[in-house]
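Have a look at the structure below before the remarks.
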Amino acid sequence: MPSPEPVRSTHFIRNIIQEDLQSGKHQEIVTRFPPEPNGYLHIGHAKSIFLNFGLVKEFPGHCFMRFDDTNPINEDEEYVQAILEDVLWLGFDWKDLLTHASDYFQRLYVFAEDLIQQGKAYVDSQSQDSIREQRGTLTEPGTASPFRDRSIAENLDLFRRMKSGEFDDGTHVLRAKIDMASPNINLRDPVIYRIRKVPHQRTGNDWCLYPMYDYTHCLSDALEGVTHSLCTLEFEDHRPLYDWVLDQLDVPCHPRQIEFSRLNLQYTVLSKRRLIQLVEEGHVSGWDDPRLPTISGLRRRGYTPESLRLFAERIGVSKAESNIYMSVLEDCIREDLDSKAPRALAVLRPVKVIILNWPEDQVEELDAPVHQQFPDRGRRSIPMSREIFIEEDDFNEDPPEGFYRLVPGGEVRLRNAYVIRCDEVVRDASGKIKELHCIYDPNTARGRKPEGRKVKGIIHWVSAAHAIPAEVRLYDRLFSEPTPGSDNPDKNFLLDLNQYSMEILTQAWLEPNLKKADAGTAYQFERLGYFCLDSRDSKTDSLVFNRIVTLRDSWGGN
């Protein structure tokens, strides 16, 4: 798959990098994308991927693909493989720059002993609750631990025994000794190591002592020579701790942390905790459910890397918090697929039409373009026979004003075919429409206008004898409220789940050319929207198509 073009829109991070290179501060830049393997990536991560990997496509440098694997309780190899697949699918290759925080466990441990020997870290033997209570508040300083003044020798002894597995989880932690009265709570002697007697997905049982993220991240950046450590705004208050750790130790370099606003997208959730809850409680079918904002879910639904790159360009990079309309994302996939997607005829809610003056055994192969705007992409053949299917809502016995489709006694053109007139409505015993009896005008082939009358409407159709059956899933927004959980009394985001987020149609019919459809390839079902063959549930004898997006925004731009 060709790599997408880098995100080149001017923004403050790009300007900083440009200035650093022009001034000679750096000869090249080094960035990193550091996900924790405790879940699947979502579209917010895609923004970061395009930024970190995209910058080193525009400027001299390279980007590390680094896993922050410091908490074995929640991490899993499944997530590691899914993350790598997502990054590759987006068009980026880390080559030989795949690293893990666990690669540095020994060096991080040595750095921690150095802090202890400097008198800048100590072993605290209090419970987690006690440490939390002593941190203070935004208006009140914290309270020093009774173990804060342990001797260097005692701290080293305890820390080494923690490493050897002598103590149970929660018995001791290692804290940085900074300032319990600091107005920044992150500097009030943060925990930098804790005991976890849990096998690690890479190191097995080699370690039972694991570093915390704030301690690990800055040192991993320094060890990899990162020049610009890009993260979201929730880490802005953590930057003083990032700098403090690096200032105390002899490290190869001191990266610059730069924060930008995280992505907030309406009608969905991007909290990993909430995404895990949706998956584990069965509200969705898995991490790749096409209604989820995960990259694997978007891929399965039919979104393209190019559409996500376009989305990243449009929302930009800034420090200003914003709440992006879902329609911005949907417009990006429409724009990308409009020129790419071949056209096809499909009927999702069929009504049978019998063309009475069409010979019973006659089959005519009609000619249609693969894509109307690009004649060089060729033509396709569409069979037409005496019995066809049309869309249920393309017929109305009591039409409203401005209804230009099929009505009793009225005419309409079949897409790429003939003009037909409805002469009779046939119902079953329950009164439901069973079929429509029509006649066609044989002199209206290939777009020829009928003599002496004007036909305004054009509808799509498929030949009943040749169409292939399919299940079609109409996906919509997963939540019915722009900010799930914000307005209900319990702030329970699950109460805002959209009960109509998926409609399954089991009697759809598609033109026979779609027998050759490849999973993930998008088609425009004419007049209906963009659809793709489901990559998981489609089998040789059972086709399942997902609606990627409607042809037009049906939510009023939200």
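Just so it is clear, none of the values below were taken in a lab; they were calculated from the coordinates. What you see is a predicted model; the values in this text were computed from it and never measured. Please note: Cβ atoms are built from the backbone with ideal geometry, for glycine as well, and neighbour counts cover all protein chains shown.
A few comments on the model shown:
- Spatially, the range 267-345 and the range 393-415 are offset by 36 Å when compared through their Cα centroids.
- J(HN,Hα) series, the range 243-257, from Karplus relation 6.51 cos²θ - 1.76 cosθ + 1.60, nearest Hz, glycine and proline x: 5, 4, 4, 5, 5, 8, 10, 8, 10, x, 7, 10, x, 9, 7
- For the chain, the residue among Tyr79, Cys532, Ser296 whose Cα projects farthest onto the positive side of the dipole built from Cβ charges is Cys532.
- Taking a straight Cα-Cα cut-off under 30 Å and skipping sequence neighbours fewer than 8 places away in the same chain, the lysines within cross-link reach of Lys319 are Lys25, Lys47, Lys57, Lys272, Lys491.
- Nonlocal amide H pairs with Thr232, under 5 Å, H built at 1.01 Å: Phe260
- Ile390, Ile276, Ile295 arranged by Cβ crowding within 10 Å, fewest neighbours leading: Ile276, Ile390, Ile295
- Aspartates and glutamates with Cα under 19 Å of Lys449, excluding same-chain neighbours fewer than 8 positions away: Asp367, Glu411, Asp441
- Along the chain, longest interval not containing exposed GluC sites (Glu not before Pro), exposed being DSSP loop plus at most 13 other Cβ atoms within 10 Å: 29-165
- Converting phi to 3J(HN,Hα) with the Karplus coefficients 6.51, -1.76 and 1.60 and the offset θ = phi - 60°, the range 348-358 yields 8, 10, x, 10, 7, 10, 9, 8, 4, 9, 8 Hz in sequence order, with x at every glycine or proline.
- Rg followed by Dmax, in Å, when the chain is reduced to its Cα trace: 30.5, 103
- Per residue, the convex hull spanned by the Cα atoms of the range 347-459 measures out at 125 cubic angstrom.
- The calculated 222 nm mean residue ellipticity attributable to helices in the chain amounts to -7500 deg cm²/dmol, summing -39500 (n - 2.57) over DSSP H runs of n ≥ 4 and dividing by all residues.
- Of all DSSP-defined beta bridges confined to the range 282-421, some 95% are antiparallel rather than parallel.
- Between amide H atoms placed 1.01 Å from N, distances below 5 Å from Ile29 occur with Gly61, His62, all of them 5 or more places distant or on a separate chain.
- Pairs of C-alpha atoms in the range 12-260 farther apart than 33 Å represent 22 percent of all such pairs.
- Percent antiparallel among DSSP beta bridges (both partners in the chain, rounded to 5): 65 percent
- Entry note, the range 347-459: relative contact order of 27 percent, from Cα contacts under 8 Å with a spacing of 6+ residues.
- Rounded to the nearest Hz, the phi-derived 3J(HN,Hα) couplings of the range 136-145 under the Karplus curve 6.51 cos²θ - 1.76 cosθ + 1.60 (θ = phi - 60°) are x, 10, 5, 10, 10, x, x, 10, 5, 5, where x marks glycine and proline.
- Centre-to-centre separation between the Cα atoms of the range 177-230 and those of the range 428-474: 66 Å.
- Environment charge of Val269, counting only residues whose C-beta is closer than 12 Å and scoring Lys/Arg +1, Asp/Glu -1: +3
- Relative contact order (%) - criterion: Cα under 8 Å, at least six apart; region: the chain: 12 percent
- Top positive-direction residue, dipole computed over the chain with Cβ charges, set Asn443, Gln18, Thr31: Asn443
- Fraction of antiparallel bridges per DSSP, the range 347-459 only, in percent to nearest 5: 75 percent
- Neighbour counts of other Cβ atoms within 10 Å put Cys231, Cys332 in the fewest-to-most order Cys231, Cys332.
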